[in-house]
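The values are calculated or read from the model by the stated rules, or taken from the named source; none is laboratory data. All values derive from a computational prediction rather than experimental measurement. Neighbour counts are summed over all protein chains in view; Cβ atoms, including those assigned to glycine, are modelled from backbone coordinates with ideal geometry. With ligands, DNA and RNA removed, areas are computed over all heavy atoms of the protein, side chains included. Shrake-Rupley method; radii C 1.70, N 1.55, O 1.52, S 1.80 Å.
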Amino acid sequence: MIDMRVDICGVKWKNPVAAAAGTFVAAESGKYYDPNLPGAVTTKGVSLAPWPGNPTPRVAETYGGMLNAVGLENPGVDAYISGELKYLKERGVTVIANVAGHSADEYCAVVRKLSETDVDMLELNVSCPNVAAGGMAFGVDRNAVGELTGRVRKLTDKPVIVKLSPNVTDICDIAAAAEDAGADAVSLINTLVGMRIDIRSGKPVLANVTGGLSGPAVKPVAVAMVYRVAKRVRIPVIGMGGIMTGADAMEFLLAGASAVEVGTAALLDPNALPRIIEELDVCVAGRSAAQIHGSKTGWG
Amino acid sequence: MTVGGLKENGIRRAEIIEHIPLASQVFQLKLHAPDVAAVAVPGQFVNVYLNDAAMLLPRPIGVADATDAQVTLIYAVAGRGTELLSRYASGTCVRLLGPNGNGYNLGAIGAHALLIGGGLGVPPLLFAAKRIRERGGARITAVLGYKDEPYCLRGMKLFCDSVYGISERAAPVSELSARASGTEAAGSEPKCDGKTGNVMDLLTSTEVGEELDAGNATVLSCGPAPMLRAVARWAQMRGIRAQVSLEERMGCGYGACVCCTCAVKPREEPAGGREASADETAGRTDLNGGIGGRFESEGERRGLVRRKVCTDGPVFQSDEIVWGDD
């Protein structure tokens, strides 16, 4: 095993692979692998009050991917702090808390509470396509992203990652707005808005009508966006979108990502993260840091 | 645990031993899966992954039998994925994860086990019937409903004291009902009664009513949601405990994606109750905490307590569930 340690905004990860939000649950994922194995784990989006999520069905299969419209069902930040977060920190896991809200005030209230905990990093979810207010409504507006990031920046010393939506005209503008407002890193991409219709019933498959598309089908879109954003901003870029193998993760690093998050692959195989870390180990063997982070050394 | 913290309970490969049609669009799949067969209990399911990179999600299928290193699954073709699965021949390997979820609590069954199944809810009850028979001590009545052709009736007759079947259309009900007692059950031919209808028609019939030992009965049920709701109501009116196995569209099938949750009633806190430890609460989608543990209204409170069908279920006590039109 070669040394794959990375420093993301001052937080040491033992390797550049993290679990993505909404695909890791300590009590369940931990049955399959040690949560200390990934560089970090991002916990499911957490809001101030408990959210019940969307009606079911919340999931549908697509060619090489899946749609989900869970709608950020979560027990609220207080239950999160005394449950999931406590459990993971007692085991020494590097934890990124994914933060959700219906309004800027709600995001800020969650950040305030999390700032008083030993959580390692915060990821502002301004990109969930499955909630009526908040989420992507912020992430598609560069002013809203800038204002929210700026407010959060003043509230906390924790590193702040802004998770970006691909459902925008130019993701680079949004990334730059986050950087200018003080974000320590950006992560991308959240899911692409998608929809399936059951031709027998003539109705949408998802109760929420639309959902977020993820999985290997979105990977080329994600790699291109990571490549463009990494050229635009100076802060670290955390890449994600359809990573199924170590070679996929390597593509993101070559596109300019400092680290990656793995989501859908873990839903399809509970042991995907340990496998991808092992495979990435083989991919990076013999390469220098400059060779690994290709776009930083300049293509195109 | 192996080196590196990878646990040895993930996806494994399983060879198809036998794959036969049971009825129109309904198939029985026997897999060589010793690890799964050794531990599976009735009511649990396995994730079956297709050998196709375009169809990534697992198909969760209830266990219909587990014996001698073999796991039997019975499923219907419901879309492209199960259609592809139905074409896999013996000798093909598929990937499996499981067994998943919590099965029926057979230890809670009294003197009379009443198995109520609808369609693809029947196969898991076949496994339950077998295990209840092996445990002994309970009379077993099966009440089974089908849309068209019946399946699993022969197996049910092996393990149950009485088997009642009914179909909504196509197959004449005269072919379905097999009523016998004791050892005669195994060999007896189905008895004609010439009706069509659904499970609730059978359940409220005079014959089933005469057999029912309400004071000592436990219902185990599996089938479509409207049927389960009706069964739950029927059982509640008679003061009978019912364990129901819910069906919901799943993503991962192991509790990570939170796609398959259902609303449940909040549990009453025991007087002087202790606080759950972080180990117990970590990762649970119990939304009962709230801010300061209180909600504005009972409706809000009920809507906010959710459980995952895949890992907290699929079997629940029927009185835990907040049914659609409650």
#### Entry: B:THR67 being modelled with pLDDT under 95 and more than 11 Å from every other protein chain (Cβ to nearest Cβ)
yes
#### Entry: Pick from the range A:174-218, criterion closer than 30 Å to A:ARG153 by Cβ, out of contact with any Lys or Arg (no Cβ under 6 Å at 6 or more places or on another chain) and part of a strand (DSSP E or B), ranking: most open to solvent (accessible area, probe 1.4 Å)
A:VAL193
### Query
Out of (1) among the small types (Gly, Ala, Ser); (2) surrounded by fewer than 24 Cβ atoms within 10 Å (Cβ to Cβ); (3) out of contact with any Asp or Glu (no Cβ under 9 Å at 6 or more places or on another chain); (4) within 10 Å of another protein chain (Cβ to nearest Cβ), the odd one out for A:GLY22 is which?
(2)
### Task
Please identify the pairs in which a residue from the range B:246-262 that is over 15 Å from A:GLY53 (Cβ atoms) has its Cβ atom under 6 Å from the Cβ atom of a residue that is among the charged types (D, E, K, R), counting only partners at least 6 apart or on another chain.
B:TYR254/A:GLU28
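Could you grab me the full set of residues in the range A:1-15 that are in a loop (DSSP other than H, G, I, E, B) and open to solvent by less than 80 Å² (accessible area, probe 1.4 Å)? Spell out how you get there, then give the answer.
Kept after step one, since they are in a loop (DSSP other than H, G, I, E, B), are these residues of the range A:1-15: A:1-5, A:9-10, A:14-15.
Of everything in the range A:1-15, those that are in a loop (DSSP other than H, G, I, E, B) and open to solvent by less than 80 Å² (accessible area, probe 1.4 Å) turn out to be A:ILE2, A:MET4, A:CYS9, A:GLY10, A:ASN15.
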### Task
Output the number of the condition that B:TYR49 fails; it satisfies all remaining conditions of (1) farther than 16 Å from B:CYS152 by Cα; (2) away from chain A (no Cβ under 14 Å); (3) among the aromatic types (Phe, Trp, Tyr).
(2)
### Query
Does the range A:146-154 contain any residue that is part of a strand (DSSP E or B) and at pLDDT 95 or above?
no
### Query
If you check B:GLY110, B:GLY79, B:GLY101, which single one turns out to be surrounded by fewer than 24 Cβ atoms within 10 Å (Cβ to Cβ) and within 30 Å of A:ASN271 (Cα to Cα)?
B:GLY79
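Return the residue satisfying two criteria in turn: it lies in the range A:38-62 and is β-branched (Val, Ile, Thr) and at the interface with chain B (Cβ under 7 Å from one of its Cβ atoms), and of such residues it is nearest to the chain's Cα centre (by Cα).
Filtering the range A:38-62 for residues β-branched (Val, Ile, Thr) gives A:41-43, A:46, A:56, A:59, A:62.
In the following step, the residues that additionally are at the interface with chain B (Cβ under 7 Å from one of its Cβ atoms) were identified as A:56, A:59.
On the way: A:THR56: 23, A:VAL59: 19 Å.
So the residue we want is A:VAL59.
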### Message
Going by what's in this entry, would B:PRO21 be described as open to solvent by 50 Å² or more (accessible area, probe 1.4 Å), within 14 Å of chain A (Cβ to nearest Cβ) and at pLDDT 95 or above?
### Response
no
### Query
Within the range A:63-89, can you find the residues that are open to solvent by 10 Å² or more (accessible area, probe 1.4 Å), within 7 Å of another protein chain (Cβ to nearest Cβ) and farther than 30 Å from A:ILE197 by Cβ?
A:PRO75, A:ASP78, A:ALA79, A:SER82, A:GLU84, A:LYS86, A:TYR87
### Task
Give the residues of the range A:249-279 that are crowded, with 24+ Cβ neighbours inside 10 Å, more than 10 Å from chain B (Cβ to nearest Cβ) and outside any loop (DSSP other than H, G, I, E, B), sorted by residue number.
A:ALA249, A:PHE252, A:LEU253, A:ALA259, A:VAL260, A:GLU261, A:VAL262, A:ILE276
